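> Structure below; questions to follow.
The values are calculated or read from the model by the stated rules, or taken from the named source; none is laboratory data. Remember, it's a predicted structure, so these values are computed and weren't measured experimentally. Cβ coordinates were reconstructed from backbone atoms using ideal geometry, including for glycine residues, and neighbour counts include every protein chain displayed. Ligands, DNA and RNA are stripped out before the accessible areas are found, and what is left, the full protein with its side chains, is counted by its heavy atoms. Shrake-Rupley method; radii C 1.70, N 1.55, O 1.52, S 1.80 Å.
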Amino acid sequence: MTKAVQSQTAGLLAAAEQSVLFTAKRPAVVMERGEGMHLWDTEGKSYLDFIGGWAVTSLGHSPAVLQEALLKQSGELVHASPGYYNKPMIEFSQLLTRISGFDKVFFASSGSEANESAVKLARKHGALHLGGAYEIITLTNSFHGRTLAMMSATGKAQWDTLYEPKVPGFIHVPINDFDACFAAISSKTCAIMLELVQGEGGVNAVDPAYLQAIRKACDVYGIMLIVDEIQTGLGRTGKLFAFQHYDIQPDVLTLGKGIGGGYPLSAMLTTNKFNLFEQGDQGGTYSGAPLGMAIGHAVVQEIVRLGLAEQAATVGSYAISKLQELARAYPLSNIRGKGLLLAFDVPEGSGQPLVAQSMEEGLLINAPRPSTIRLMPPLIATKSDVDEMIRLLQQALARLSLAAS
Ligand code: PLP
């Protein structure tokens, strides 16, 4: 690496410090290029990406289909106005309803907005059919986004006193405790909203019997069941949708992250029964805008065409077996997850040091909690990418002198 390259990076980092508003500690690198499973920084160092842009780059970095769709659509129509239908919007909504079994789609840009739409739809349902019921039951340790209402929906202890006052009407109950959920249901309840595998909460899955009991309770009381598949959707868990592991049909499904492959895109899907919005109830300047719709259509079509959900199931099982082997020599425990949304625990406090050391070795992983490591690579990851991930992880564990006791 030349001195000029080093000083270019130093200059960029100084400029970042000067002008980018602080919201998160970031390592002292500047990412410049991505291709497939790898990212490169401004010093030319490459990283095997097992964060996948935070479960976003489903087809890997800069996939050809995304580039082609972007180029083609940007030459035809970038934005027409949310007041008009456009061809890519119609094609993409047809594709999503066909593969999911839902009837209708509303498009937005971020996961938080898709969840906001779901909450609005639930409150509309409460107003129309449940005597004004407005409360939504969600889980402790859940994550539903960063808008003010989604911060209220999220069950994160660190946010309890942040940005008070909270949006009212959200009740949190522990995961996999049906009695607690049942006890929280009242005449004010209009919906239950769940992640089926809590991603930011550390990769905790709901139990099938628990979810099936919740589905039954929703049917009995006319409550809407919303599943937040912003992180688990479109192949990540080894099926196109995580709810397909559970033999239930939700009333509302939210998608984001992977459906745009890196382009900001989200969707809320529902059934004809809950086709309840009236003129002006919901919208957004960028809802269904053609450029994003063409990209989403191309990305989702490619995930389906390549069978990436099935591949995620196979490669994910392989990764679990390899992590279990590694756990014989290093202190990895509670290896868990579905498909390519995986996690394991490390000794208290060693999550961040392991993330930092892995980055030194050229591997990107994430610690959603101080003692939990999460893996959410692009869905194109192969067994040999897993082998390489294990090799780099083992190097990082060895350098940190973390050994099984
Ligand atoms: N819901 C879940 C399950 C998520 O994991 C996230 C983001 O991590 C969100 C919602 C929020 O999505 P966004 O950051 O795109 O608003």
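> Note down the net charge around Arg336, summing +1 for each Lys or Arg and -1 for each Asp or Glu among other residues with Cβ under 12 Å from its Cβ. Walk me through the numbers before you get to the answer.
Working: positive: Lys338, Arg374; negative: Asp345.
Cβ neighbours under 12 Å give a net charge of +1.
> Right, something else. When 1/r is averaged over all different Cα pairs and the result inverted, which Kirkwood radius in Å belongs to region 64-305? Walk me through the intermediate numbers first.
Numbers: mean 1/r = 0.0551 Å⁻¹.
The answer is 18.1 Å.
> What's the percent breakdown of Cα-Cα distances in region 350-405 across 5 Å bins, shortest bin first?
With a bin width of 5 Å, the distribution comes to 4, 20, 28, 27, 15, 5, 1.
> Across 10 Å bins from the origin, how do the percents of Cα pairs in region 230-373 run, short distances first?
Using 10 Å bins, I get a P(r) of 10, 29, 31, 20, 8, 1, 0 for region 230-373.
> Also, quick follow-up: With respect to the cross-link table entries Lys45/Lys338; Lys188/Lys257; Lys25/Lys257, which display a Cα-Cα separation exceeding 25 Å?
Details: Lys45/Lys338 31 Å; Lys188/Lys257 32 Å; Lys25/Lys257 22 Å.
Flagged as over cut-off: Lys45/Lys338; Lys188/Lys257.
> Let me ask something else about it. Packing-wise, with mean Cβ within 10 Å as the measure, how do 145-157, 219-231 rank, highest first?
Working: 145-157: 19.3, 219-231: 22.6.
Sorting 145-157, 219-231 by mean packing, highest first, produces 219-231, 145-157.
> For region 136-277, what is the accessible area per residue in Å² when the probe is 1.4 Å? Please list the in-between numbers first.
Values: 5140 Å² over 142 residues.
I get 36 Å² per residue for this part.
> Let me ask something else about it. For region 1-76, what is the largest minus smallest coordinate of the Cα atoms on each principal axis, given in angstrom and ordered from greatest to least?
39, 26, 25
> In Å, what Rg and Dmax follow from the Cα atoms of region 3-141?
So, for region 3-141, Rg and Dmax equal 21.3, 69 Å respectively.
> Please report the net charge: other residues with Cβ closer than 14 Å to the Cβ of Pro290, K and R +1, D and E -1. Show your work: numbers first, answer last.
Numbers: positive: Lys72, Lys87; negative: Glu76, Glu91.
Result for the neighbourhood of Pro290: 0.
> OK, next. For region 64-305, which whole-number percentage of the solvent-accessible area (1.4 Å probe, protein heavy atoms only) is attributable to carbon and sulfur atoms? Intermediate values should be presented prior to the final figure.
On the way: 5490 of 10250 Å².
Taking all protein chains in place, region 64-305 shows 54 percent carbon and sulfur surface.
> Right, something else. For a quick check, take a GNM of the chain with Cα springs below 10 Å and name the residue from Ala183, Ala127, Ala267 with the largest mean-square fluctuation.
Top of the fluctuation ranking is Ala183.
> Further question on the same structure: Counting DSSP beta bridges with both partners in the chain, what percentage is antiparallel, nearest 5? Display every interim value, and only then the final one.
Details: 29 of 47 bridges.
Taking every DSSP beta bridge with both residues in the chain, the antiparallel ones total about 60 percent.
> Per 0.36 nm of contour for each residue apart, how much would the distance between Leu162 and Glu68 grow if the chain were fully extended, relative to their Cα-Cα spacing? Spell out each step's value before the answer.
On the way: separation 94, 0.36 × 94 = 33.84 nm, distance 4.24 nm.
Additional length available on full extension: 29.6 nm.
> For Gln249 and Thr140, compute 0.36 nm times the residue count separating them, minus their Cα-Cα distance, and round to one decimal in nm.
Working: separation 109, 0.36 × 109 = 39.24 nm, distance 2.27 nm.
Contour length minus Cα-Cα distance gives 37.0 nm.
> Let me ask another. Charges at C-beta only: +1 for Lys and Arg, -1 for Asp and Glu. How large is the resulting dipole of the chain about its Cα centre, in Debye rounded to 20? Walk me through the intermediate numbers first.
On the way: 32 positive and 37 negative charges, 17 e Å.
Roughly 80 debye for the chain.
> Apply the Kirkwood formula to region 179-237: the hydrodynamic radius equals the inverse of the mean of 1/r over all pairs of different alpha-carbon atoms; give it in Å with one decimal. Spell out each step's value before the answer.
On the way: mean 1/r = 0.0808 Å⁻¹.
The Cα-based Kirkwood calculation yields 12.4 Å.
> Tell me, what is the per residue accessible area of region 20-119 in Å², probe radius 1.4 Å? Display every interim value, and only then the final one.
Working: 5400 Å² over 100 residues.
Each residue of region 20-119 exposes 54 Å² on average to a 1.4 Å probe.
> Roughly how many debye, to the nearest 20, is the charge dipole of region 239-392 about its Cα centre, given +1 on each Lys and Arg Cβ, -1 on each Asp and Glu Cβ, and no other charges? Present the calculation step by step, with values, prior to reporting the outcome.
On the way: 12 positive and 14 negative charges, 43 e Å.
Result for region 239-392 is approximately 200 debye, rounded to the nearest 20.
> Which three lengths, in whole Å and largest first, does region 188-309 cover when its Cα atoms are put on their principal axes?
Result for region 188-309: principal-axis Cα extents of 41, 38, 25 Å.
> Same structure again: Could you check which residue among Trp54, Trp159, Trp40 shows the biggest mean-square fluctuation in a GNM of the chain with a 10 Å Cα cutoff?
Looking only at Trp54, Trp159, Trp40, the biggest GNM fluctuation is shown by Trp159.
> What does the highest-first list of 195-202, 88-95, 255-262, 308-315 look like by mean Cβ count within 10 Å? Show your work: numbers first, answer last.
Working: 195-202: 22.2, 88-95: 19.0, 255-262: 27.4, 308-315: 20.6.
Answer by packing, highest mean first, reads 255-262, 195-202, 308-315, 88-95.
> Right, here's the next one. Run the Debye formula on the Cα coordinates of the chain, all scatterers equal and no solvent, and tell me log10 I(q)/I(0) at q = 0.12 1/Å.
Computed log10 I(q)/I(0) values: -1.00.
> Under 17 Å from the Cα of Lys104, which lysines turn up, not counting those fewer than eight places away in the same chain?
Of all the lysines, those that pass the test against Lys104 - Cα under 17 Å, at least 8 places apart if same chain - are Lys87, Lys120, Lys124, Lys273.
> Can you tell me the length gained on complete extension of the stretch Glu43 to Gln324, counting 0.36 nm per residue apart and subtracting the Cα distance?
On the way: separation 281, 0.36 × 281 = 101.16 nm, distance 3.42 nm.
Fully extending the segment from Glu43 to Gln324 adds 97.7 nm.
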